[in-house]
Amino acid sequence: IKPAFGLLSDFVPLLGSRRRSYLLLANGLAAASLLVLAFVPLAPGSRWLLFALLLPTTMAIALGDVIVDALMVEKGQPLGLTGRFQSIQWTAANIALLLTGVLGGYIAEERLQSLAFALCGALWLFAFVVAWRYADDRKDARLDAASLHETGAALMSVFRDPLFLAICALLTLWSFNPVWGSVLYLHMTEGLGFSERDFGNVTSAFFAGALIGSIGYGIYCRSVRLSTLLHLSILAAIVSNAVYWQLGSLTSAYGISVLAGAAYMTGTLIQLDLTARIIPARAAATVFAIVMALTNFAGSASEAFGGWLFEAAKLQGRDGFSTVVAISVAFAASCWLLVPMLRR
């Protein structure tokens, strides 16, 4: 749904604004639906009610993410600071995800979902206040033929750019990690016997590593050549998958997760920064949303493929987890096939 939200923000101003008003709408909608969830009693099996109440939240999160990325491009490109801005964005996100891993494991075991919904709703209210106070863009945006033509021309120029198409292909390949998600969860909880709380803590270790990676990128992104960073991103993808071959105990899981998180976030920021540097600010919401939608689709497809491969390998008497790790490493290494298209 993100590309649709990107088109809406780029082409159709809301209350005279292309960014701020949509961000306020997203934050307010997420806060309202989560607070309703916190106080509506959900009986076991209330799947459709849960779906109906969570759908506005997920739609709002997708919209908010699109708008924040657009603001990052619009403000960062003129200053040459897209890498630094993304480092700040992902540092904040990784701090939140680190806390989520610890609290999520505890909430899952203690069945405190209503409290979790209330806490998230309060955080979205805080986000609404921050956006109201600090989000700033042009307040005089209008919907007219000249504006539509300017945005449309910017958008078409991107889709005709071979460099952008190569980056899309690279990000799709890079995001195809079958070992992550369900396979890793099943291997840790069923194969290695970790508790839900242990898995939550291991997840937090991953995001602690990602936090290190995001802070580090903000420090060195402007002092390292882009071609060097590109090769580093692919190497980081290989490492972030290959380390799981060493997974065998809870102690090793913590160290591996920190290393995988740092490598994965380093590669992610390099490739997203490359994207942010080349896209036109006028169509930033749509273009960045398309890029993120591709990575999300690749991630979802790889999780489904990984689950199928994991079960198929086990049925044939092979180590399903090692097989999936090998496939993940192979997809990461295949990104080097696209590097010649990025020489420019």
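Summed over the stretch 28-79, residues that are of a type in the set (D, E, K, R), open to solvent by 60 Å² or more (accessible area, probe 1.4 Å) and out of contact with any Leu (no Cβ under 9 Å at 6 or more places or on another chain) total 1.
For (1) among the β-branched types (Val, Ile, Thr); (2) within 19 Å of the chain's Cα centre (by Cα); (3) under 24 Å from THR295 (Cβ atoms), each residue gets a yes or a no:
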site	(1), (2), (3)
SER9	no, no, yes
LEU50	no, no, no
GLU74	no, no, yes
GLN77	no, no, yes
ALA96	no, yes, yes
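Taken over the stretch 158-191, the criterion of being among the polar types (S, T, N, Q), open to solvent by less than 40 Å² (accessible area, probe 1.4 Å) and farther than 16 Å from PHE331 by Cα is satisfied by THR189 alone.
Filtering PHE194, PHE176, PHE159, PHE199 for residues that are out of contact with any Phe, Trp or Tyr (no Cβ under 7 Å at 6 or more places or on another chain), hydrophobic (A, V, I, L, M, F, W, C) and modelled with pLDDT of 85 or more leaves a single hit, PHE194.
Filtered by the rule that a residue be assigned to a helix (DSSP H, G or I), crowded, with 21+ Cβ neighbours inside 10 Å and out of contact with any Gly (no Cβ under 6 Å at 6 or more places or on another chain), the stretch 231-256 gives ILE234, SER240, ASN241, TYR244, ALA253, ILE256. Screening MET341 against (1) at pLDDT 85 or above; (2) out of contact with any Phe, Trp or Tyr (no Cβ under 8 Å at 6 or more places or on another chain); (3) not acidic (Asp, Glu) leaves a single unmet condition, (1). Within the stretch 3-27, can you find the residues that are surrounded by fewer than 19 Cβ atoms within 10 Å (Cβ to Cβ) and of a type in the set (Phe, Trp, Tyr)? Selection gives PHE11 alone. Of all the criteria given as (1) in a helix (DSSP H, G or I); (2) open to solvent by 60 Å² or more (accessible area, probe 1.4 Å), the one not satisfied by SER147 is (2). State all residues of the stretch 257-267 that are open to solvent by less than 20 Å² (accessible area, probe 1.4 Å) and over 14 Å from ILE238 (Cβ atoms); if no residue qualifies, say none. Answer for the stretch 257-267, where residues must be open to solvent by less than 20 Å² (accessible area, probe 1.4 Å) and over 14 Å from ILE238 (Cβ atoms): SER257, GLY261, MET265. Restricting the first member to the stretch 35-48 and to residues that are closer than 13 Å to ALA122 by Cβ, and the second to residues that are open to solvent by 100 Å² or more (accessible area, probe 1.4 Å) and at pLDDT 85 or above, the beta-carbon pairs closer than 9 Å and six or more apart or on different chains are ALA38/LEU115. For the stretch 98-114, filtering for residues that are of a type outside the set (Asp, Glu), more than 18 Å from the chain's Cα centre (by Cα) and open to solvent by 40 Å² or more (accessible area, probe 1.4 Å) leaves 8.
When every residue of the stretch 303-311 is checked against the conditions, none turns out to be farther than 21 Å from SER328 by Cβ, buried (at least 20 other Cβ atoms within 10 Å of the Cβ) and in contact with a helix residue (DSSP H, G or I) (Cβ under 9 Å, 6 or more places away or on another chain).
The values are calculated or read from the model by the stated rules, or taken from the named source; none is laboratory data. Fair warning: this is a prediction, and the values are worked out from it, not measured in the lab. No Cβ is skipped: glycine too gets one built from the backbone with ideal geometry, and neighbour counts run over all protein chains shown. With ligands, DNA and RNA removed, areas are computed over all heavy atoms of the protein, side chains included. Shrake-Rupley method; radii C 1.70, N 1.55, O 1.52, S 1.80 Å.
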